[in-house]
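Down below is the structure, laid out as structure tokens.
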Amino acid sequence: MSDHKHDHRKTYLNVWFILMALTVITVVAASINFGKINLFIAMAIASVKASLVILYFMHLKGDATLNQVVFLSAFGFLAVFVLLTLSDVIARPPVAPVVVTKIQGITGNQGVVMARLRNSTPEQIQKGKAIYMAQCATCHGENADGLGPAAVAFNPKPRDFKSGYWKLGGEPSRVYHTVENGMPGTPMPAFKGLTPEDRWAVVHFIRSFSPNTPADTRATLALIGLKPDGTPQSVSTEKVIPELPVDFIIEQIVKENP
Amino acid sequence: MAHAEHAHANYLEAKKGIWSWLVTLDHKRIGVMYLWTTLFFFVVGGLFSLGVRLELLKPGPLFQPDTYNKMFTMHGAIMVFLFIIPIIPAALGNFFLPIMIGAKDVAFPRLNLLSYYIFLVGSSLAVGALIAGGVDTGWTFYTPYSIRSASHVILITLGVFINGFSGILTGLNFMVTLHKLKAPGMTFFNMPLFLWSIYATAIIQVLATPVVGITTFLLILERVLKIGIFDPALGGDPILFQHFFWFYSHPAVYIMILPGMGIISEVVTVFSRKHIFGYKAVAYSSLAIAFISFLVWGHHMFVSGQSPLSNFLFSWLTMFVAVPTAIKVYNWTATLYRGSIVLATPMLYALSFLFMFTIGGVTGLFLAALSVDVHLHDTYFVVAHFHYTMMGGTVMGLLAGIHYWWPKMFGRMYPELWGKISCAFIFVGFNVTFLSQFILGKLGMPRRYHDYFPEYAGWNMVSSIGSLFIGIGFLIMFIYLFWSLKRGAKAPANPWDGKTLEWQISSPPIEHNFTKVPAIPASPYEYGVKG
Amino acid sequence: MSTHVIPHHFDNAEQAYQSSKLGFWLFLVSEILLFGGLFVAYIVFRSLYPDMFHEASGELNRIMGGFNTIVLICSSFTMAMGVNRVQHNDPKKAVMFLAITIAFAAIFMVIKYFEYSHKIHLGLLPAGFYHYDGITHPRAPLFFSLYFVMTGLHGVHVLVGMGLITWVLLRVKRGDFSNQYYTPVELVGLYWHLVDLIWIYLFPLMYLIG
């Protein structure tokens, strides 16, 4: 029981008096405008007051060294917290406006997307039907028999998908390539305006009519940029999106959370 | 004479009945209660991780995306806050710290019991959040999503807030015990290295935990009172939340790993039958890690929009952590050198630690390098890295410790052969699971997504199969540990030829640990072979 | 006289006393870091929006804040005296000083109550509920978020302090302490001084920048 022999009452009274005086001084000082120094004056006075409380009321003066180290370390670590946080807050570059680019459908890892879409699913066929009716039926006919209203005027005639005959080949990737690029020398146009997803949907829809649907080959896969085994070339060589397609992501989020 | 008999009964049998456990002030019993509680949470968190790996077994959704988000959040939050932070200090530390310094108990036994109940209350709230429907923010609770999320963020953050006090009080208790209650002759420099690591851990617990307290407190106020400090919609700064969060949570990473390192120092020495190489270097490096851990938190925020100045400072400062860590690994390796190595289960875990923690540490340097991190941030590379340090490091240390001290704690030997079998399962399973995640991360697979492109399928399958092996390993372990409690061979006082004080008393220890003031050896590792 | 029994795991009274004190200093360290987080938030926002702080602080009542500062300093003084009297086997005066300390704390809380109700009345509330149109700066609500959180957490500490001082006062009355054993009184004193310490910084940072 270290220090109860000393009577500290006089010290307490003095410290109390100084603390009261400093409180008055800090209020008075704050009402005078010293410009930016005001903050430093206020903090300096507060720190003197705090030191008095710590040293005399709390008896850190004369306490065990260990206790002194322990208590003061709190302020050291607090300083680390403040300074390193400030190194961020005060040095942040001004926020640049976000560039929003409209990107059609999914881009970026195109190869990955292609690899996934080239396998037919009932959903794709369903979707392809709608697109077919809007984009293709005028020439190829609602029944995919090449007898659409506009077909009369064409030579050569539009393909009858039920015939099982494919002029350039019936592999999925080959048909995809044809939808995308058209058939030069014929009235078949290039549907570059459709997204890859939509094109694939159409491909799977029209192939569902044909009795002759050969599988992809090394050559046809190469047409759409896939490796012979149908996987994408390699992720690291894929195109990186330079800007965030914000509206695409927003669309996706809205779709997932109706 | 009833009293004398009573005083010499072992701590498990000295008092009977469940009530005697619930109100016990005995640090050993409190340690055992912590052990079972935290192991329970480990099992819960582990089941969630198996759920996560099941979803990722094949491309294409299995669970709802929302369910998946909740699974990985609950896995992370439970493992971090309810298992890996408390388990070694609160369970093994509580049990062995007083014994290792020749004391009868910790400095404040009542506070110790209070800490346990605070932990129980906080954990119950977290479990309450789980039962109420889970949380989907990720264990980091980043704002502003955590302010808006409809899941039970308040419950779980309140749990973290309350658990924080348990950690602070435990750390405080240990620091005072180590300073004031060492037996005559015991000094800081002849106490076991495990205690140095617990001491360094306690420093972090006392200094950093209050900050997670205020962080979670503010987050709760954000949701209740809309104070807006972290909410950009109200003029606040969401990145400030990340500063607050990581000012605690980075040092907390060292709360997790330091005690594990301490156990490794014990186990490597005892099973090499050799004095540790460079006692003081290992001891001081614990303190250095604790200190530096406060200077590096911003390396979690390289792509958060933090200033380039901070990025530079934090990247640079982070490299310094590698120095004391490497000193430890070097010293352990040097201790093994020409030692008479005994390949018992604890040692197998210790060697696993050396292997996997080194991988975890070195990949940490990749991530500390600013430019590399920009590529790897938020990919499976990060996931693999911290599992190599947390599981490859801390959990391996923990398992080494549990097997090493099991005979002392419960007076029974675990079956050695089954110990080795389960260790093999865990070691192989762990590396299969997480090495493949390094590759996935390098390929760019992002973390926390419930689905992925087909090109990631192969390695994900490998990883999920690996996790099954880990699960089997732990299943075997829990079975034989429970079995051994009743049927295991009676443990002798010193099965491993340990030189530290806990091996000089009976197994299990008597209620007041020592019958007379123990004689303190000049060094805790007197094997007559120099380090 | 004291009937205090030293807990069995300590060798002597001095060891028990020093342990408790070290433990309590460590606890105070954690308190400082708890409040420290709020001060960091304050510093960050003040460095970002100095003008806003200047303007918003003008809405606080300097006289009430100043008076409360004086009240807390006085209470810190009476607390120190109370501890001193316990250490010198003078329980009567000790009880008196501790009672005065509680009274000061109560005055502090009453004034705080009037300040709060005035702010709430005007609509000077935390950001999400703020509806006052006397300040032009758009970020002004943040200042009042900080004001309520910082002074609120401090106020909670004052209330806890009142409870603790009442507890030791009752124990002093019962004759639990003497110049041989007074640890709880001294520790509660340390806690109370810390509450004062935090207010010493809160006062200029909140009230005196207008």
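With an 8 Å cut-off on Cα pairs and a minimum separation of 6 or more residues, tell me the relative contact order of region A:9-89 in percent.
This gives 27 percent for region A:9-89.
Cα centroid distance between region B:19-33 and region C:1-69, in Å?
Here the two parts' Cα centres lie 32 Å apart.
Just tell me which aspartates and glutamates come within less than 20 Å, Cα to Cα, of C:Lys92; anything on the same chain fewer than 8 places away is out.
In chain and number order, the partners are A:Asp7, C:Asp176, C:Glu186.
Comparing the chain by itself with all protein chains present, which residues of region C:77-98 are at least 20 Å² less accessible (probe 1.4 Å)?
C:Phe77, C:Ala80, C:Met81, C:Asn84, C:Arg85, C:Gln87, C:His88
Short version: what are the Cα gyration tensor semi-axes of region B:138-183, square root of 5 times each eigenvalue, largest first, in whole Å?
Equivalent ellipsoid of region B:138-183: 36, 9, 6 Å, largest first.
Can you give the alpha-carbon Rg of region A:9-89 over 2.2 N^0.38 Å, where N counts its residues?
Rounded to two decimals, the normalised Rg is 1.35.
How big is D, in µm² s⁻¹, for chain B by Stokes-Einstein at 10 °C and 1.306 mPa s if Rh is the Kirkwood radius over C-alpha pairs?
The Stokes-Einstein estimate is 67 µm²/s.
Buried accessible area for the B:C pair, summed, 1.4 Å probe, in Å² rounded to 100?
In total, this chain pair buries about 2800 Å².
Could you tell me, in Å, what Rg and Dmax come out for the Cα atoms of chain C?
Expressed in Å, the Cα Rg and Dmax of chain C come to 20.1, 65.
Please average, across the residues of C:183-195, the number of beta carbons from any other chain that are within 10 Å of each residue's own beta carbon, and give a whole number.
2
Expressed as a whole percentage, what fraction of the accessible surface of region C:13-207 belongs to carbon and sulfur atoms when a 1.4 Å probe is rolled over the protein heavy atoms?
The C+S portion of the solvent-accessible surface of region C:13-207 is 68 percent.
Can you list, bin by bin at 10 Å, the percent of alpha carbon pairs in region C:85-210, starting at 0?
12, 35, 25, 16, 10, 3, 0
Write down the accessible area per residue of the protein assembly as shown in Å², having rolled a 1.4 Å probe over the full set of protein chains.
40 Å²
In degrees, nearest 10, range 0 to 90: what is the angle between the Cα axis of helix B:27-55 and the longest Cα principal axis of chain B?
30 degrees
Would you report the distance distribution of C-alpha pairs in region A:110-238 as whole percents per 10 angstrom bin, up to the bin with the largest distance?
Per 10 Å bin, starting at zero, the Cα-Cα P(r) for region A:110-238 comes out as 13, 45, 32, 8, 1 percent.
Where the accessible area of chain B is counted over protein heavy atoms with a 1.4 Å probe, how much of it, in %, is carbon and sulfur?
Of all accessible area on chain B, carbon and sulfur atoms account for 73 percent.
Give me D for region C:62-102 in µm² s⁻¹, whole number, from Stokes-Einstein with Rh from the Kirkwood sum over alpha-carbon pairs, 25 °C and 0.890 mPa s.
In µm²/s, the coefficient is 234.
Measure out, as a whole number of angstrom, how far apart the alpha-carbon centroids of region B:291-308 and region B:379-411 sit.
So the two Cα centres are separated by 26 Å.
How large is the translational diffusion coefficient of region B:30-84 in µm² per second when you combine the Kirkwood radius over alpha carbon pairs with Stokes-Einstein at 37 °C and 0.692 mPa s?
277 µm²/s
Per residue of B:418-426, what is the mean number of Cβ atoms on other protein chains within 10 angstrom of that residue's Cβ?
0
With axes computed from alpha carbons, what is the tilt in degrees of helix B:238-270 against the longest principal axis of chain B, rounded to the nearest 10 within 0 to 90?
With rounding to tens, the tilt is 30 degrees.
Computed on protein heavy atoms with a 1.4 Å probe, what is the summed buried accessible area for the chain pair C and A, in Å² to the nearest 100?
It comes to approximately 4300 Å² buried between C and A.
Relative to the longest principal axis of chain B, what angle (0 to 90°, nearest 10) does the C-alpha long axis of helix B:279-292 take?
Relative to chain B, helix B:279-292 is tipped by roughly 30 degrees.
Give the value in nm², to one decimal: projected area of the alpha carbon convex hull of the protein assembly as shown, averaged over all directions.
For the protein assembly as shown, the mean projected area of the Cα convex hull comes to 48.1 nm².
Under 21 Å Cα-Cα from B:Lys104, which lysines qualify once same-chain neighbours fewer than 8 residues away are excluded?
Counting by Cα, and skipping residues close in sequence, B:Lys104 has these lysines nearby: B:Lys15, B:Lys16, B:Lys28, B:Lys180, B:Lys182, B:Lys408, B:Lys499, B:Lys516, C:Lys21.
To the nearest Å, what is the center-to-center distance of region B:66-89 and region B:202-272, using C-alpha atoms only?
14 Å
The values are calculated or read from the model by the stated rules, or taken from the named source; none is laboratory data. Just so we're clear, the structure is a prediction, and the values are computed from it rather than from any experiment. As a convention, Cβ positions derive from the backbone with ideal geometry for all residues, glycine included, and neighbour counts pool all protein chains shown. The area values use the complete protein model at the heavy-atom level, side chains included, leaving out ligands, DNA and RNA. Shrake-Rupley method; radii C 1.70, N 1.55, O 1.52, S 1.80 Å.
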